[in-house]
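The structure appears below as structure tokens.
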Amino acid sequence: MREQALNYLRTALGRPDAEFRVGQWESIQAVLARKRLLVIERTGWGKSMVYFLATRLLRDSGAGVTLLISPLLALMRNQLEAAKRIGLRAAKIDSTNPSDWEKIETALKANQVDILLVSPERLANDQFRQNVLAFIANRVALFVVDEAHCISDWGHEFRPDYRRIVRVLQNLPGNIPVLATTATANDRVVSDVAEQLGNNIEIVRGPLVRPSLKLLNITMPSPAARMAWLAQTIPTLRGSGIVYTLTQRDAERVAEWLRSNDIPAKAYHADVEDEVEGTSRREELEHQLLNNELKVLVSTVALGMGFDKPDLKFVIHYQRPASVVHYYQQVGRAGRAVNEAFGILLHGEEDDRIADFFMRNAFPPQEHIESILEALENADGGLSVPQLESRLNLKNSQLEKTLKYMSVETPSPITKIKSKYNVTAAAQGYRVDHGHVEAITEIRRAEQQQMQAYMGHTGCLMEFLARALDDPNAAACGKCSGCVGRPILDPDYDHGLANRAAIFLRRSHQPLKPRKKWPSGGAMPTYGFSGNIGEALQAQEGRALSLWRDAGWGRLVADGKYETGRFDDELVGACVEMIEQWRPDPAPQWVACIPSLNRPELVPNFAERLAAALGLPFHPCIQKARANPPQKEMQNSFKQAQNLDGVFTVDPDAVPEGPCLLVDDMTDSGWTFTVAAALLRQAGCAAVFPMALALNSPRMD
């Protein structure tokens, strides 16, 4: 059987001389012997080959389907390609292919699927549990959990849906072999995973040191300096690679900067979802990197666990990740099948602030839980998420996170019936385990401090990472900057290029997409706005000069709003330059602004000066009819729109017929611009182009 497995391995890899890595065949044997196994091996070791080859051998012997729980769509796509090479009939059920679900369910019932891939989130879907899971429960021959560290509460990512995996496993026959795999699990996480998967689980642990990786850390807090270094260094590196950022907006901005320096680069993050000829945009970007059509993909963690490009030559971090686990997972994308690859970590002044943001938002606060449970208790027949939004001033993301957190609790205080959530008996007195949450938060803080220590470490960097992950085989690599005693790449940057980057940052204009639908549920009865926003009432695409408090103009905007009480003339010139580059069509013929009762002169003063600089008349035709709470206090679309209902009035006699440039200091949700534009269009304005000094959106991934 070993010889047959080796033949499959060579076919999968396309290498007739391929051999099993240390521990691979032994792991396959354990699975075939119906054991429970936790495999902890470095990235690139070939953990996926263990479950693919085991599945192939099990199917050859007439066994049933393999159920693989896999966390990321990018990872699923890689796995499907690998499975095909050894003749496995693989299928996946996820949010990207609903039109295929019925066909896949039919194939499963006809025993024509060898391995089924699903995300942990799919386990929460009623249709999947009823139509798929219930049918295959007694036909599963192998249960696989990839990136198994996510099962653990102590792992580096809090993913509530992973808790469902243990429940599913408990409902499967006890003699089914279980294979859990990860590259990033310290002793605490290993112990927790083993406890959840069963005390009889065997642990296979190999060395985590990556012999091909050459590591270097560079302290360079200024965004302009880091961008200059990237622009001058990436063209000197062979092959293609990944630049990791902590936020979506930085992924977009760094990719744009690299393209402006003739480096083929594109951004990749969770919001990149548009389809291109039936293929998701993210999948298309993955293929472009795999085929070396891009020099670099600038990505958030959305392209992390499991993405497999064996010849990836470099991974550069634009900012410092929050933990050693994150860093090892991401830098391990490089150097899997090449003799030399680079892992470069840059340090940014914003690193700790972003890490703190994620820590603060990892768990739902008790007040969110209480407000949701109270709303559900007072509702007859339950409430859907849109209905909860209309009753509670919580963001959609906060609602979804809190509902998910409660739904995986045992016993759960809520239950979902079709689209509506209802309370259960467990809701009485339900509270978050604050001691547990605080313990995990303290671990996150310690991980952040550990990464700070790594940034300043002068010894072997690879050994530091391995020891931090409790690798008993940690040893000096002999290749990193610490081992050779000098930087393995030039850490200096061209100051002229940094000046250009600083100017670029100031010109990081943000598009403002028009909203096309009013919130459902009657958010705006005074205006009578509901349903789709037709073209007759829509705003045009707008622009924001900067990101709030960001490098460049964002800080000057914040100073004007809260320090000096007047927006600097420099911002007028910057907006004129932006509009010249933007070229709105049809060109605005007059300027209006969003009024405020709290600071009645701030925005009108700026708008009037901007109008004069553009050579256009200023018409303050929008009036504020009544005071309302600040929009920044409204947390979801329903509340944001409702907060503006009846707030503004427009005098039709004061509205010129031509297109308008509509000015405000800040925008976030876009509802203020949406409502004001609709009122202007109703009053006869031909087109409305929103323009804000700053976009207030963290755009974390």
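Quick rundown of the values:
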| read-out | value |
| --- | --- |
| Approximate shape of the stretch 364-431 as ellipsoid semi-axes (Cα gyration tensor, √5λ), whole Å, largest first | 15, 14, 11 |
| Diffusion coefficient, µm² s⁻¹, Stokes-Einstein with Kirkwood Rh over alpha-carbon pairs of the stretch 2-205 at 10 °C and 1.306 mPa s | 93 µm²/s |
| The stretch 257-389: C-alpha pair distances exceeding 24 Å, % | 48 percent |
| Taking CYS593, CYS660, CYS621 and counting other C-beta atoms within 10 Å, the order from fewest to most | CYS621, CYS593, CYS660 |
| Distance between modelled label sites at GLU284 and SER412, nm, 7 Å Cα→Cβ extension | 3.6 nm |
| Distance between modelled label sites at GLU26 and GLN366, nm, 7 Å Cα→Cβ extension | 4.9 nm |
| Chain lengthening between ALA587 and TRP101 when straightened (0.36 nm per residue, less Cα-Cα) | 170.2 nm |
| Inter-probe distance in nm under a simple model that places probes 7 Å from Cα toward Cβ, at ASN378 and ARG431 | 2.3 nm |
| Estimated [θ] at 222 nm from DSSP helical runs (n ≥ 4, -39500 (n - 2.57)) normalised by residues in the chain, nearest 500 | -11000 deg cm²/dmol |
| GluC sites (Glu not before Pro) lying in DSSP loop within the stretch 578-672, provided at most 16 other Cβ fall within 10 Å | GLU601, GLU657 |
| Residues SER637, SER530 arranged by fewest to most Cβ contacts within 10 Å | SER530, SER637 |
| Contact order normalised by residue count of the chain, Cα under 8 Å, 6+ apart, percent | 12 percent |
| Residue exposure sequence - CYS483, CYS150, CYS685 - by fewest surrounding Cβ within 10 Å | CYS483, CYS685, CYS150 |
| Residue-span extension gain [THR458 to ASP490] - 0.36 nm each, minus C-alpha spacing | 9.9 nm |
| ASN605/ALA627 FRET efficiency (R0 22 Å; Cβ-Cβ; nearest 0.05) | 0.60 |
| FRET efficiency for ASN292 and THR649, using Cβ-Cβ distance with R0 set to 41 Å, rounded to 0.05 | 0.10 |
| Inter-part distance where the stretch 234-250 and the stretch 344-388 are each reduced to a Cα centre, Å | 30 Å |
| Theoretical FRET efficiency, 1/(1+(r/R0)^6), r = Cβ-Cβ of GLU438 and GLN4, R0 35 Å, to 0.05 | 0.10 |
| Antiparallel DSSP beta bridges within the chain, percent to nearest 5 | 20 percent |
| On Cα atoms only, tilt of 434-455 relative to the major axis of the chain in degrees | 90 degrees |
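Where a number appears in this text, it was derived from the coordinates with a stated rule and is not lab data. If you're wondering where the values come from, they're calculated on a predicted model, not measured in any experiment. Using ideal geometry, Cβ is built from the backbone for each residue, glycine included, and neighbour counts are taken over all protein chains shown.
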